[in-house]
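Q: A single structure is presented below for examination.
We did not get these values from a lab; they are worked out from the coordinates using the rules stated. Remember, predicted model here, so these are calculated numbers, not experimental data. Ideal geometry is used to build each Cβ from the backbone, glycine not excepted, and the neighbour counts take in all protein chains shown.
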C-alpha cells in the first residue's frame, strides 16, 4: 500500500505483516526527506515506526487512546493519521506541530513536549473512563529516558495500586537527549539480559532440588529462593508495582509486537510491555550518532551532514567554554545538567572534568536540590537547564536554594522564543517566576561577551544567581580576551548605551541589539531614541530609570511574557510617571511553533516592531 493513500489507521488494519513492513520503509523515507529540509526530532521518530504501526493495527484508534510521552517520536503516527499531505509543513509557522496536538487531530490526546507526564495523564483518562462506565483501551508509550524522572514513578506506583486497566509500552532505546545514565538505565540493561538469567534459573533450581533439607535449612533456603527470584527475574520490580510484565520484545518486529499488544489488550489489568528499539533505525547516520540526530536542523539526507551557515558560537557553547576556563582555576566549580549535556554546551566540561560533571537524567527537581546540597558542602554548582524545563523545579529553587541563600548558579538556556518546538519549549515565563524570589540575582546578557562576564560575576556573589540567555548563536562579538580577563559587573547597575531626547528604550538581554538598530533607523526619521542595557532584572537599577523618566518616556522591551515580567516590575517600582512607562513583551498566551525570526516579527520583538511601537507611542 502506498503511504500517500493512508488516510487513517483504518486503512492499515487489514494489511499483512509484509505489507506493514513495506509501509514502514516508506514512512522512514518520508520522515528522512522531510526532516532533512525542516529539521526536527529524527532519531526518536525513526525508532518507533514499527511500534506505531503495530499499535494502530491492534487498537481501534481514536476510540482507543494512545498517549505519547514527550511526543517527539510521533512523526510516523502523524503520517498514518491523516496528516501525510501536510507533513512537509512540519514545525513551520502555521504548519504541523512537531509534537502531539489535540487541536490538530482526534488521534492526539495529550499536548506534550516534556517528559514523564504520560502515565499520570493516562491514568487520569483511565479512571474517567471507568467512572463514566465507558469501554475503551488506553496505551502509554514512554521512553526509558523518561523513567529517570520521579513523575513517571509516581504514575506507575499509583496505577499499580489502583489496578486500573492500562497498558504502558516502555520504548527502551538506551537514549534520551543524551545517553541515559543512572540506576534505571542499568536496570533495563539487566532486563534485556533476563533470558540468560532464566536459563540459569532452571539449572540452579535443579541443583537446589537435590540438596537435603532439614528443619535447620528450610528457612535459609526459603530466603535464598526468594532472593534468587529477584536476581533471576528482575522484572519482578515492575510486578511488585502491580503491573503484568511482558518482555523484552523486539520493538522492530511488527508480528511479535502485534501478538503481545493483542494479548495485553485482552487483559483487564495494568500491563507493562518492554519493547527494545534502536534510535535512528533505518538511517545509518542517525543510528551511529543518535545524539547528533536527536533534533538536528536541516541536513543532507545523502551524506548526513548538517547544513550550517557560518555563524558565531552559540550562547550554549560560550557558557560551556566559560565554565571550562573558570573551572581550571577553581576546583569548587561543578556542572549539573538534566539529560542535555550536548544541548547546554557541557560536553567540553564533561570531557575535561568528569569527576565534577553530573548528568542526573530527566530529573530537574533532583538536579536543583542536589545542587543545593553541593553548595552547602562548599562547592559552587552551576545548574544548566533549559528555561522551560526549569519550571519543573520551581519549588526546589524556592525552598532548597533561595530560602537557604545557597550559592547555586542557574544557567538558564533557551530563554525567550525558542522556535520550531513551539508552546512546550518557549522560555517565556522565567523572568516572571524568578524575579520575585527573595535573594535571587537575575541577569540577562546582551551578547556572548556579557554572558562570560555575568558568569564570572555570579561566581563572585555570595548567594543564588540566575543567568537567562537565548537559544542560538551570539551576535559575533570577540570573546577570547573575555575568557582570559573576565569582568565583574557592578551588580544591579544598568549600562546606558546612549540617551534619547524623545524616548529611551530599556532593553533586556536579547532585545538590546535590536533596540540599538531600531534607534539608528528612528534617527533617520529625526526621532531621538536612547538605549539602556538593563543587564539585571534583580536587583533593578531604579536610579538610572528614574533619571531617564524625568527627561523622556520609557519603553521596556523584553522577550518574556508581559504579565509578571521585567516591564511590569519597572512600572511598579517607579514612584512617578506611570503614564510614561510603556511595555513591549510577549502576550499572555502560549506562543506557537515557527522560526525564531518569524515569531519575533509576529510579536513585534524585532527591529521593525520596536520602530513601529516607538512611532506609535510618539504619535508619529
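Q: Classify the stretch 315-484: rounded, prolate or oblate, from the alpha-carbon gyration tensor (a ≥ b ≥ c, eigenvalue square roots; a/c under 1.5 rounded; otherwise prolate if a/b is larger than b/c)?
A: rounded
Q: Here's a follow-up. Find the relative contact order for the stretch 315-484 and round it to a whole percent, using C-alpha pairs within less than 8 Å whose residues are 6+ positions apart.
A: Over the stretch 315-484, the number comes to 23 percent.
Q: Moving on to the next point. Helix 254-266 against the longest principal axis of the chain: what's the angle in degrees, Cα atoms only, rounded to the nearest 10?
A: 80
Q: Based on DSSP, what percent of beta bridges with both residues in the stretch 464-559 are antiparallel, to the nearest 5?
A: Of all bridge pairs located within the stretch 464-559, approximately 25 percent are antiparallel.
Q: Only residues of the stretch 36-67 count here: report those whose backbone N is under 17 Å from the spot 7 Å along Cα→Cβ of residue 250, or say none.
A: Residues 47-55 fall inside that zone.
Q: Here is a follow-up. Between rounded, prolate and oblate, where does the stretch 1-128 land on the alpha carbon gyration tensor, with a ≥ b ≥ c its root eigenvalues, rounded for a/c under 1.5, else prolate if a/b exceeds b/c?
A: oblate
Q: Report the label-to-label distance for residue 496 and residue 403 in nanometres (one decimal), using points 7 Å from each Cα along the Cα→Cβ vector.
A: So the label points at residue 496 and residue 403 sit 4.2 nm apart.
Q: For the stretch 495-617, what percent of Cα pairs sit more than 21 Å apart?
A: Tail of the P(r) past 21 Å holds 33 percent of the pairs.
Q: Taking just the alpha carbons, could you work out the radius of gyration and Dmax for the chain, both in angstroms?
A: Final numbers for Rg and Dmax: 27.2, 103 Å.
Q: Let me ask another. With a/c under 1.5 counting as rounded, go ahead and sort the stretch 103-166 into rounded, prolate or oblate using the C-alpha gyration tensor (a ≥ b ≥ c being the square roots of the eigenvalues; past the cut-off, prolate if a/b is larger than b/c, else oblate).
A: oblate
Q: May I ask for the angle, rounded to the nearest 10°, between helix 118-131 and the longest principal axis of the chain, with both axes built from Cα atoms and the value confined to 0 to 90°?
A: The angle comes out near 70 degrees.
Q: Separate question: Taking the alpha-carbon set of the stretch 236-386, what are its Rg and Dmax in Å?
A: Every Cα atom of the stretch 236-386 included, Rg and Dmax give 21.1, 62 Å.
Q: With the contact rule set at Cα under 8 Å and sequence spacing of 6 or more, what percent relative contact order holds for the stretch 447-564?
A: 29
Q: While we're here: In the stretch 315-484, what % of DSSP beta bridges are antiparallel (nearest 5)?
A: 5
Q: Relative contact order for the stretch 495-617: what is it in percent, counting Cα pairs under 8 Å that are at least 6 residues apart?
A: 28
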